[in-house]
Amino acid sequence: MQPVIVFFCFMLAQISPVLAQSAPVNKPDIKVGDRWMYRVVNMYNNEATSEFEQIITEVNGDEIKLDQKTFSSNAGDNVGSVARRKADRATWTFPDSRIFEGSFVFLAFPLEVGKTWKNEYQRRRNDSGTTKQ
């Protein structure tokens, strides 16, 4: 009986990575009113430094518009600036006028466990220099 149990455990160990994989995730069906909350965390002390909320205000084909409200963790409930932003619905990527060569893609749908993608771009710095990322 013991060899059967060992064989079963061996087989289970071999197929468990296959069982753990999930199906690909397609781009979400974003609708006006959808919202997300994000928290910015200082990785040195693990403390939240700010939060921001994104609320979808318009959907037009593969373009979405949203309002982004920023909350400072030091100011309690005080809301900072509200930015009106536009994004590519297919990749959840925001246009950045400082990028002049290449592109930055935030999400590459469909998403799958272990999927990677590369971003190469050059961006103007505030001091008028450039940086390659």
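The values are calculated or read from the model by the stated rules, or taken from the named source; none is laboratory data. Remember, predicted model here, so these are calculated numbers, not experimental data. All Cβ positions, glycine included, derive from the backbone under ideal geometry; neighbour counts span all protein chains shown. SASA here: full protein model, heavy atoms, side chains in, ligands and nucleic acids out. Shrake-Rupley method; radii C 1.70, N 1.55, O 1.52, S 1.80 Å.
Tallying residues that are polar (S, T, N, Q), in contact with a Ser or Thr (Cβ under 7 Å, 6 or more places away or on another chain) and modelled with pLDDT of 80 or more within the range 55-110 yields 1. For residues in the range 44-74 being in contact with a Leu (Cβ under 7 Å, 6 or more places away or on another chain) and of a type in the set (A, V, I, L, M, F, W, C), which is most open to solvent (accessible area, probe 1.4 Å)? If we take residues in the range 44-74 being in contact with a Leu (Cβ under 7 Å, 6 or more places away or on another chain) and of a type in the set (A, V, I, L, M, F, W, C), then ILE55 is most open to solvent (accessible area, probe 1.4 Å). Counting only residues that are touching an Asp or Glu at 6+ places or on another chain (Cβ under 6 Å) and charged (D, E, K, R), the range 36-61 holds 1 of them. When the criteria are applied in full, LYS31 meets the requirement of being under 21 Å from PRO110 (Cα atoms), modelled with pLDDT of 90 or more and either outside any loop (DSSP other than H, G, I, E, B) or under 20 Å from the mean Cα position of the chain (by Cα) (or both).
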